[in-house]
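Asks: Here's a structure for you.
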Ligand code: FAQ
């Protein structure tokens with residue numbers, strides 16, 4: 001990769017041109033996207049597990065139908081994302097193998113257990129809320145297939161966020177026991193949701209290059225701050241308290257000051273030591289293995305059709 005090639009590529013990025021799969025691109029740009037899109041896809045697929053856990057126990061038919069649709073949407077998001085990564089020359093099988101071998105990451109948030117129905121509302125409110133904050137700027141990502149996939153994903157996430165908030169609102173306005181469930185879920189999910197945005201900017205090894213390539217449009221800390229500023233008033237509206245004693249409005253910066261994130265917990269979970277890491281990978285492997293016959297049947301069917309067409 002000559003300096004001229006890299007300069008020409010950067011000029012296209014700076015001119016806000018979209019990069020398409022067949023365009024020449026630096027190997028680092030391709031690798032960064034395969035890593036990020038692959039991990040994003042894995043997060044959607046692994047992210048089906050904590051909520052899937054509650055489909056059979058949703059408290060009404062309406063809640064069950066909405067949750068079923070949400071979890072199916074997440075499966076769909078995973079598929080668009082795998083397809084976007086495949087345009088960069090990596091196969092879905094390779095990405096899946098990397099996930100199962102613990103080489104590819106997925107979001108830390110999905111390594112926490114869903115203990116009560118209030119967790120389902122709180123995941124919609126906070127986890128989908130954080131996902132939207134991170135993904136809206138990805139609709140303007142320099143890589144065309146990723147940016148386009150994000151448009152529909154964000155529309156669906158916005159429905160997910162609202163259905164979650166409505167669940168929490170129902171609980172917050174319910175009996176004292178229901179309010180307590182909602183508060184307990186907020187207590188457990190608040191800090192892990194803030195961790196979804198990744199390490200502090202100073203510790204984020206990929207941010208500078210990803211910002212220069214316009215894969216990322218905002219830094220981890222910027223997006224985390226936007227999320228806190230948007231979410232604290234939502235908690236206040238519900239009459240729930242955010243579990244951070246240092247949370248305080250800062251007039252000067254026009255945003256909230258907040259307490260320090262427990263980064264040792266973050267890295268422990270990212271490195272596989274969270275409460276549910278082992279279960280999540282075990283369940284994904286089991287789903288992949290149990291689905292082998294479907295993939296084989298689909299391949300056999302495709303081969304049969306191909307020979308029929310030739311004949
Ligand atoms: N968990 O240098 P950076 C969803 C890793 S939403 C685990 O800052 P980068 C929807 C990072 O990969 C969740 N690992 O990295 C849903 C890197 O390790 P590597 C998924 C994390 O890439 C809702 C290392 O730390 N969303 O699924 C985390 O510039 C409800 C250094 O970090 C996306 O993936 C973490 N939280 O910035 C589904 C969005 N944070 O790769 C179901 C797209 C960092 O060198 C239910 N991704 N790491 O081994 C991104 O925007 C970026 O990749 C960041 C990280 C912001 C996550």
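Asks: Expressed as cubic angstrom per residue, what is the convex hull volume of the alpha carbon set of the range 65-168? Please report the intermediate quantities before stating the final value.
Replies: Values: hull volume 11.0 nm³, N = 104.
Spelled out: Cα convex hull of the range 65-168, divided by residues, is 106 Å³.
Asks: With N denoting the number of residues in the range 1-127, provide Rg(C-alpha) divided by 2.2 N^0.38 Å, to two decimal places. Each step should come with its number before you reach the end.
Replies: Values: Rg = 18.6 Å, N = 127, 2.2 N^0.38 = 13.9 Å.
Dividing the Cα Rg of the range 1-127 by 2.2 N^0.38 Å gives 1.34.
Asks: Under 1.5 on a/c is rounded, so check that first for the range 1-75, then, if it is not, pick prolate when a/b is larger than b/c and oblate when it is not; a ≥ b ≥ c are the square roots of the alpha carbon gyration tensor eigenvalues.
Replies: Details: a/c = 5.94, a/b = 3.48, b/c = 1.71.
It comes out prolate by the Cα gyration axes.
Asks: Could you run the Debye sum over the Cα atoms of the range 71-131, one equal point scatterer each and no solvent, and tell me log10 of I(q)/I(0) at q = 0.24 Å⁻¹, two decimals?
Replies: -1.11
Asks: State the three equivalent ellipsoid semi-axes of the range 192-311, derived from the C-alpha gyration tensor as the square roots of 5 times its eigenvalues, in descending order and whole Å. Walk me through the numbers on the way to the answer.
Replies: Values: eigenvalues 390, 81, 55 Å².
Equivalent ellipsoid semi-axes, largest first: 44, 20, 17 Å.
Asks: For the range 141-200, just say rounded, prolate or oblate: build the C-alpha gyration tensor, square-root its eigenvalues into a ≥ b ≥ c, call rounded for a/c under 1.5, and beyond that prolate if a/b exceeds b/c, oblate if not.
Replies: On the way: a/c = 6.81, a/b = 1.87, b/c = 3.65.
Oblate, because a/c is 1.5 or more while a/b does not exceed b/c.
Asks: Would you mind computing, in nm to one decimal, how far apart the modelled labels at residue 11 and residue 264 are, each placed 7 Å from Cα along Cα→Cβ?
Replies: 5.2 nm
Asks: Note the per residue figure in Å³ for the convex hull of the C-alpha positions in the chain.
Replies: On the way: hull volume 50.5 nm³, N = 311.
With only Cα atoms used, the chain gives 162 Å³ per residue.
Asks: How much mean residue ellipticity at 222 nm does the chain get from its helices, if each DSSP H run of length 4 or more adds -39500 (n - 2.57) and you divide by all residues, to the nearest 500 deg cm²/dmol?
Replies: On the way: 14 runs with 198 residues, N = 311.
Result for the chain, helices only: -20500 deg cm²/dmol.
Asks: What length, rounded to one decimal in nm, is gained on full extension from residue 248 through to residue 282, with 0.36 nm per residue of separation minus their alpha-carbon distance?
Replies: Extending this stretch completely gives an extra 8.1 nm.
Asks: Provide the FRET efficiency to the nearest 0.05 for the residue 302-residue 103 pair, computing r from the beta carbons and using R0 = 25 Å. Present the calculation step by step, with values, prior to reporting the outcome.
Replies: Values: r = 29 Å, r/R0 = 1.16.
Efficiency, from the Cβ-Cβ distance: 0.30.
Asks: Can you tell me the FRET efficiency between residue 72 and residue 209 if r is taken as the Cβ-Cβ distance and R0 is 51 Å, rounded to the nearest 0.05? Can you show the working numbers first?
Replies: On the way: r = 35 Å, r/R0 = 0.69.
The value I calculate is 0.90.
Bear in mind that the values in this text are calculations on the coordinates, not laboratory data. Since we're looking at a predicted model, the values are computed, not measured. Glycine gets a Cβ as well: all are built from the backbone with ideal geometry, and neighbour counts include every protein chain shown.
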